[in-house]
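See structure below.
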Amino acid sequence: MTERRDDRGRQRGAARSDGRVRRSAQAPASRARSGDPARGAAFDVLREVAASDAYANLVLPPLLTRRRIVGRDAAFATELTYGTLRLRGRYDAILDLVVDRGTANLDPAVLDALRLGTHQLLGMRVPAHAAVSQTVALTRDRVGAGPAQLVNAVLRRVAEHPVDDWLNRAQDAAGDDVNARLAVRWSHPAWVVRALREALVGHGRSADELEDLLAADDEAPRVTLVARPGMVDADELMEQVGAGASRGALAQTAVVLPGGAPAQLPAVQTGQAGVQDEGSQLVALLLAHAPLDGPDARWLDLCAGPGGKTALLGAVAAGRGAQVRATEVQQHRTDLVVQAVRALPEGTVDVGTADGRQVGEHSPEAYDRVLVDAPCTGLGALRRRPESRWRRLPTDLAPLGALQRDLVASAFRAVRVGGIVGYVTCSPHLAETLSVVLDATRAAARAGITVEVVHPSGALAALGVDPGDLVTPAGAIQLWPHLHGTDAMSLTLLRRTA
Ligand SMILES: C[S@@+](CC[C@H](N)C(=O)[O-])C[C@H]1O[C@@H](n2cnc3c(N)ncnc32)[C@H](O)[C@@H]1O
């Protein structure tokens, strides 16, 4: 088809679009003009995510509140926003088949409108006439009349075929490379597809699972709560949640919600419970329950912000008379840790802002258990952060790897002989898991500190969790969204032996 692009219209459109984004951050949009608050909210969040590197899960909820979008409209806006962000790569590949000069040449605001419309047509059960007409009206309102004509023509073409036909054509256009084809179908950057394939194999699974893993990344994750031990019982929390709640399959502390928005629950408001992926709960609990000889009173959480694992470790520590020191390098995230542990008994957790790389030097052999929940690419939590797969780059791995190695080295110094370090990432990438453990262990040996990998069977037994398919050939824990319904958390337990 021929694009009808009006340069004056485009410039006006772009300017209006920017204005809308700014206004959306301050005041409710005029419902009378847009006529469709849910789609308007989704569009404004996409624009803000693109324009200011914002996180959709931080921008959308307050925007919905400000505009008083609730109930089914809020659910529609949420699915539209997150689904469009996750499946952006898939939709761009499809739109490239329709837009003559390709999506790369489109005004970014127009491209976002097209992605929103395409998600309604191919990813949601929105009737085609509503998806097209409402998205065209939105474009006219937010961008301009000229772009609205383009959006109308493109979306009508998209509506002519079901999603599978489009995916087959987009895959054919991607060529023969298997990773490029999967990248289009499952909307991941090709380098991430490659890395996840290597991660599955490297952690002892089969590359045949790759499509299941990629598909799981494209699903909205279940909301899971943690019932912090000694503060609220998981059964009590289930009662607060009400019908549809279920217990987690792995962590005894986990309660799975039937829907979203748990902020109003009494236990969440007091801090006795919180929102936390079940995999995150399990790895923190495994560190806390790993068998340990000797004293067990001083625990360290080296990279604590925003404090989900600190609060869980703190709750377990309080029950055992142990104390937790929590450090975080960014002050605003330290504040979040303080907030996360507010329900714990006074004196259980001591929170401070510090560079974790220095802690080992300043507090040698001071701790019995140390958690290193290292900054990482987050490739195991793509379901949860819908835009992150498009932001991460392979070049992120080298600096993160250096930081991860330094933090583990610091933990090895900070833990006493006989004590346990838990190295955790929410990424299964081999460069962030196996390689870091191997390199950090060797580097420590050169500095006179020896450590050994502790098989997690003892910790799993202490928690009553069946090792099943959780343990890798290297003796680490590796969780997967497609197998366990959790983020792809990775945990290696290491004991300092000298
Ligand atoms: C994966 S997050 C930790 C999540 C946290 N454990 C939780 O469960 O809520 C990694 C954290 O490490 C922090 N960080 C990055 N570099 C650090 C450093 N040099 N020392 C301490 N913390 C650091 C980041 O700011 C981030 O908050």
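Tabulated data
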item	result
Surface share of carbon and sulfur [accessible, 1.4 angstrom probe, percent] for segment 197-267	48
Cα shape, segment 333-411, gyration tensor, a/c 1.5 rule	oblate
Carbon and sulfur %, accessible surface of segment 314-431 computed with the full protein complex present, 1.4 Å	51
Burial order of peptide ranges 394-402, 286-294, 112-120 (average beta-carbon count within 10 Å, highest first)	112-120, 286-294, 394-402
Solvent-accessible area per residue for the chain (1.4 angstrom probe, square angstrom)	41
Span per principal axis, largest first, for the Cα atoms of segment 241-372 (Å)	50, 35, 24
In sequence order, calculated HN-Hα J values of segment 428-435 (Karplus, 6.51, -1.76, 1.60; Hz; x Gly/Pro)	x, 3, 4, 5, 9, 10, 3, 5
Average projection area in nm² (convex hull over Cα atoms of segment 297-450, one quarter of hull surface)	9.2
With eigenvalues of the C-alpha gyration tensor scaled by 5 and rooted, segment 181-267, Å	35, 15, 10
For the chain, share of DSSP beta bridges that run antiparallel, in % to the nearest 5	55
Global form of segment 367-498, assessed from the alpha-carbon gyration tensor, a/c cut-off 1.5	oblate
Using θ = phi - 60° and Karplus 6.51 cos²θ - 1.76 cosθ + 1.60, couplings along segment 156-172 (whole Hz; Gly, Pro as x)	4, 5, 4, 5, 6, 10, x, 4, 5, 4, 4, 5, 4, 5, 5, 5, 4
Rounded percent of accessible protein surface that carbon and sulfur make up, segment 41-176, 1.4 Å probe	49
Between 0 and 90°, nearest 10: helix 56-66 axis offset from the chain longest Cα axis	70
Peptides 451-462, 484-495 ordered by average Cβ neighbours within 10 Å, highest first	484-495, 451-462
For segment 385-413 and segment 112-154, distance of Cα centres in Å	38
Protection proxy ranking, peptides 222-229, 124-131, average beta carbon neighbours within 10 Å, highest first	222-229, 124-131
Rg ratio (alpha-carbon, reference 2.2 N^0.38 Å) - the chain	1.04
Anisotropy class of segment 208-307 from Cα gyration tensor, a/c 1.5 cut	oblate
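The values are calculated or read from the model by the stated rules, or taken from the named source; none is laboratory data. The shown structure was predicted, so the numbers you read here are calculated from the model rather than taken from an experiment. For neighbour counting, all protein chains shown are included, and Cβ atoms are generated from backbone atoms with ideal geometry for every residue, glycine included. To get the accessible areas, we keep the full protein, side chains included, count just its heavy atoms, and leave off ligands, DNA and RNA. Shrake-Rupley method; radii C 1.70, N 1.55, O 1.52, S 1.80 Å.
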